[in-house]
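Visitor: Okay, handing you the structure first.
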12 protein chains.
Amino acid sequence: MPGVHKKIEIVGTSPVSSSDAIKQAVAEAGKTIQHMEWFEVKEIRGRIHGGEVAEYQVTIQIGFKL
Amino acid sequence: MPGVHKKIEIVGTSPVSSSDAIKQAVAEAGKTIQHMEWFEVKEIRGRIHGGEVAEYQVTIQIGFKL
Amino acid sequence: MPGVHKKIEIVGTSPVSSSDAIKQAVAEAGKTIQHMEWFEVKEIRGRIHGGEVAEYQVTIQIGFKL
Amino acid sequence: MPGVHKKIEIVGTSPVSSSDAIKQAVAEAGKTIQHMEWFEVKEIRGRIHGGEVAEYQVTIQIGFKL
Amino acid sequence: MPGVHKKIEIVGTSPVSSSDAIKQAVAEAGKTIQHMEWFEVKEIRGRIHGGEVAEYQVTIQIGFKL
Amino acid sequence: MPGVHKKIEIVGTSPVSSSDAIKQAVAEAGKTIQHMEWFEVKEIRGRIHGGEVAEYQVTIQIGFKL
Amino acid sequence: MPGVHKKIEIVGTSPVSSSDAIKQAVAEAGKTIQHMEWFEVKEIRGRIHGGEVAEYQVTIQIGFKL
Amino acid sequence: MPGVHKKIEIVGTSPVSSSDAIKQAVAEAGKTIQHMEWFEVKEIRGRIHGGEVAEYQVTIQIGFKL
Amino acid sequence: MPGVHKKIEIVGTSPVSSSDAIKQAVAEAGKTIQHMEWFEVKEIRGRIHGGEVAEYQVTIQIGFKL
Amino acid sequence: MPGVHKKIEIVGTSPVSSSDAIKQAVAEAGKTIQHMEWFEVKEIRGRIHGGEVAEYQVTIQIGFKL
Amino acid sequence: MPGVHKKIEIVGTSPVSSSDAIKQAVAEAGKTIQHMEWFEVKEIRGRIHGGEVAEYQVTIQIGFKL
Amino acid sequence: MPGVHKKIEIVGTSPVSSSDAIKQAVAEAGKTIQHMEWFEVKEIRGRIHGGEVAEYQVTIQIGFKL
C-alpha cells in the first residue's frame, strides 16, 4: 500500500443482508472513484417497517489511492 | 422522527447468518411492541459446536415510538 | 462455562458474505484447536478489486477450554 | 443512592436545542416512571430538512429506583 | 442459547465490594424476571462519605430468555 | 432512507451554545450540498479566552443522498 | 500552541442548559488557573427531581499553559 | 450535586482484591482532599510475581467539591 | 520492562468474586507460561442460575517476557 | 478557530517512522487543499515484509477552513 | 508498584516527532513532580502551517508516587 | 489477503522512539513466526526514570498467515 490514500464514508442499504448493503455502497462509490482498495465497517443499523426488517443500512469507510 | 422514542436491547439467534439473527430478534420483539422504527447492531458473537458455527447471536437495540 | 478458557484472534475471509468469513475462520482454527465454544466479532472489513467487493475479512476472537 | 436502580434508554426530540430534547425525554418518561433520579447522554444527532436543522435527537439513559 | 433474549440494565449497590453489588442487582432483578442467564458489567463507580468508600455502584446488563 | 448516502465531517463554531454551533455547520454545508438528511455529533470542544468560553466547536457528520 | 500544557477535569452544573454548565465550569476554574486555552466535553449527564431535569452536569477537560 | 467539582485520577493497590485497592486509593486521597463525593473505575490491572497475583492496581477518578 | 513481551487473553471463572476469577486465570496460565509479569482486565461478566450469580467470568490479558 | 471547518481522512505511509508518515499525508493533501490547520491521528498500522517493518501507515484527519 | 500513585495529563509539543513531544512533556513535568514512573499516550494530533506539519502535540498521562 | 490469518499481541520496547519499539517487536516475533504481513498499534506507553523517558513500550497486534 505505498503512496497516500484517502478514506470516505458511505452508507449502503439493502433489503437482503448487511453484506449486500456493503456491495451496494461500493458499487455506487465506484461510479465516481477510481482505485478503491479496501473498506472498513463502521456501523450496522436498519429500518423496521410493519414489524419486519425493511432494510439494512451499513456505514463503511472506503480507502482509495490519491 | 418527531415525538419521544424508547430503545430496548434484544439478542436474536440464527444458525444461518448474522442478518437472519437480526430478523429473528425483530420478529420476536414485534409480538409485544408496536411502532418499531429502527435497529442498531451492538454486538455480533456466536456459539461453536463440534468445530463449526452453531449459531450467530446478534445484540440489537430497537427504537420504537412511545 | 466452568474452568479456564483462552481466547485467540483469527481473521477469516470469504468472497460471499461476512457470515461466511466467520465460518471459514472457525473451520480453519478447528484443525488445531479442540473444545472451541464461542466467537466474538471484533472487526469487519474487506478488499475491493475492480470496483467491486473482492472479499470480506472478519476478525473474530475464539474462546476454547484449556 | 442506596438500593437497586434500573436504567432505561429514551430518545427525546426538540426543534430548539439538545438541552430541550433532554427535557422532553424526561418529561415523557415521567408519565409512567416514578422515582427518576439521573440521566446520562449517550448520543446527540438530528434531522436536517430544507438545508436546516429540523430537530435535535438526544438519546439518554434514565436511572430510577426500583 | 437458542431463542431470543432481552437485556435490561440494572445498578446494584453494596458497602462491601463490587462483586457483592452485582449479587444485589441480580437478586433484586430476580424478583420480577424469570429465566435470567448471564450478566455483563458496564460500569463500576461508587459514593464516598466521610473520606471513605460508602458504597460500590455496579451497572450490569442482565440477559434473560423471552 | 433507501439509496446510497455519503457522510462528511464538519466543525461548526458559535459563541452562543453547542446547539447553535451545529446550526452554523449545517447552514455552511448547505451552500454546496443538496439533500442533507441527518447529522451525528462526534465531538464538543471549544476555545477559552480571557478566562471565559469564547466559542463552542462542535464536530458533526452530515449524511446526504448521493 | 507551542510549549507544554496541562489538562484538568472539571464538572460544571447548571439548571439551564449543558452549554451553560460548561460556562460555569470554566468560570470557576478561572479563579485559580491562568492561561486557560481550550476545553473538551467528556460527559453530559444530570440530576432529575420531581419528574423534571433539575440540573445538567457536564464534565470537561480544560487545557492551560504551564 | 450543585456547584462545581473537580476530578483527579488515582491508582490504588492491594494484594487482597480490586475493591480493597479502591479503598486504599480513596483513603490516601483523603489525606489531602476535602469533600470527596464519588469515584469512577477507569482501569483494573495488576502485577504478577512467582506465577501468582501479587497486587491489584485500580485506577479511579475521584470527584470532589471545589 | 526491557525486552519484548507477549500478551495472551484468558478467561478465569469463580463462584466467589471477580478478584478470585482473576487469580484462577493467572494460576492456570502459570502451568505453561514462565515469566508472567502483569495482567489487564478486559471484561467482567458471569452466569446466572436459579436467580443467583453462579459464577464470575473475567477476561484478562497476561503479559510475559519472551 | 472562528468559521466553519471540514475534516477529511488521509492515510500516509513511510518506511522511516510514524511521524514521517504523517508528514507525507499532510504534504500530499496540501497539493489540493488550502488553509489546512490541524491533524488528528486516528490509527497507526503498517506492512511487514521479509520479517521486518516495510512501512508505517498512519490514518489522520486533517481540518481546514472552508 | 506498591503504594498509591496519581496520574496527571500533560500535552507536549515538538516540531520534530511525536516521540520528541513526549520527551518534552516529561521533562517539563519533571520540574515540579518527583517520582514519575510511567506515561500513557492518550492522543496524538498537531498543528499545520503553510501546508506542512508545524508541530506534533501529544497528550500523555504521567503516573507518579504520592 | 486470501486465506485465514492469526493475530498475536506483542509489546516492543526501545529507548529511542515509538517507531523503533515497533521494529523491535516485529524483529523478535519474526524469530518464531513465518509469513507476518501487517501490524496494528494498540497502545503506546513507557517508563520514566530519573525524570526522563527511559523507554517507549508499544503494544502491537501482528497478523500472519496460518
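Visitor: For the range K:22-29, does any single residue satisfy the condition of being in contact with a helix residue (DSSP H, G or I) (Cβ under 9 Å, 6 or more places away or on another chain) and under 20 Å from G:PHE64 (Cβ atoms)?
Guide: yes
Visitor: If the requirement is being closer than 17 Å to F:HIS49 by Cβ and surrounded by 18 or more Cβ atoms within 10 Å (Cβ to Cβ), which of these qualifies: G:GLY46, G:GLY63?
Guide: Sole residue among the options that is closer than 17 Å to F:HIS49 by Cβ and surrounded by 18 or more Cβ atoms within 10 Å (Cβ to Cβ): G:GLY63.
Visitor: Ok, one more. Of the residues J:ALA25, J:ALA21, which is more than 7 Å from every other protein chain (Cβ to nearest Cβ), out of contact with any Leu (no Cβ under 8 Å at 6 or more places or on another chain) and among the hydrophobic types (A, V, I, L, M, F, W, C)?
Guide: It is J:ALA21.
Visitor: Would you point out which residue out of G:PRO15, G:PRO2 is over 13 Å from the mean Cα position of the chain (by Cα) and modelled with pLDDT under 95?
Guide: Within the list G:PRO15, G:PRO2, the selection yields G:PRO2.
Visitor: Turning to a different aspect of this structure: Of all residues in the range B:28-38, which are surrounded by fewer than 20 Cβ atoms within 10 Å (Cβ to Cβ) and at the interface with chain A (Cβ under 10 Å from one of its Cβ atoms)?
Guide: B:GLY30, B:LYS31, B:ILE33, B:GLN34, B:HIS35, B:GLU37
Visitor: In addition: So which residues in the range E:8-19 are among the charged types (D, E, K, R) and closer than 10 Å to E:GLU55 by Cβ, if there are any at all?
Guide: Correct list: empty.
Visitor: A follow-up question, please. Do you know which residues across the range J:1-18 are facing chain L (nearest Cβ under 10 Å) and buried (at least 20 other Cβ atoms within 10 Å of the Cβ)?
Guide: Scanning the range J:1-18 gives J:SER14, J:SER17, J:SER18.
Visitor: So, in the range D:47-57, exactly how many residues are more than 8 Å from every other protein chain (Cβ to nearest Cβ) and in contact with a helix residue (DSSP H, G or I) (Cβ under 9 Å, 6 or more places away or on another chain)?
Guide: Total satisfying the criteria: 0.
Visitor: Looking at C:ILE44, C:ILE60, which one is within 14 Å of chain A (Cβ to nearest Cβ), in contact (Cβ under 8 Å) with a residue 12 or more places away in the chain and more than 9 Å from the chain's Cα centre (by Cα)?
Guide: C:ILE44
Visitor: Under 6 Å between Cβ atoms, at least 6 apart or on separate chains: pull out the pairs that start in the range D:1-21 with a residue that is touching a residue at least 60 places away in the same chain (Cβ under 8 Å) and end on any residue that is of a type in the set (Asp, Glu).
Guide: Taking only residues 6 or more apart or on different chains, the pairs are D:VAL4/E:GLU28.
The values are calculated or read from the model by the stated rules, or taken from the named source; none is laboratory data. Quantities reported herein were computed from a predicted structural model and do not represent experimental measurements. With ideal geometry, Cβ positions are generated from the backbone for all residues, glycine too; neighbour counts draw on all protein chains shown.
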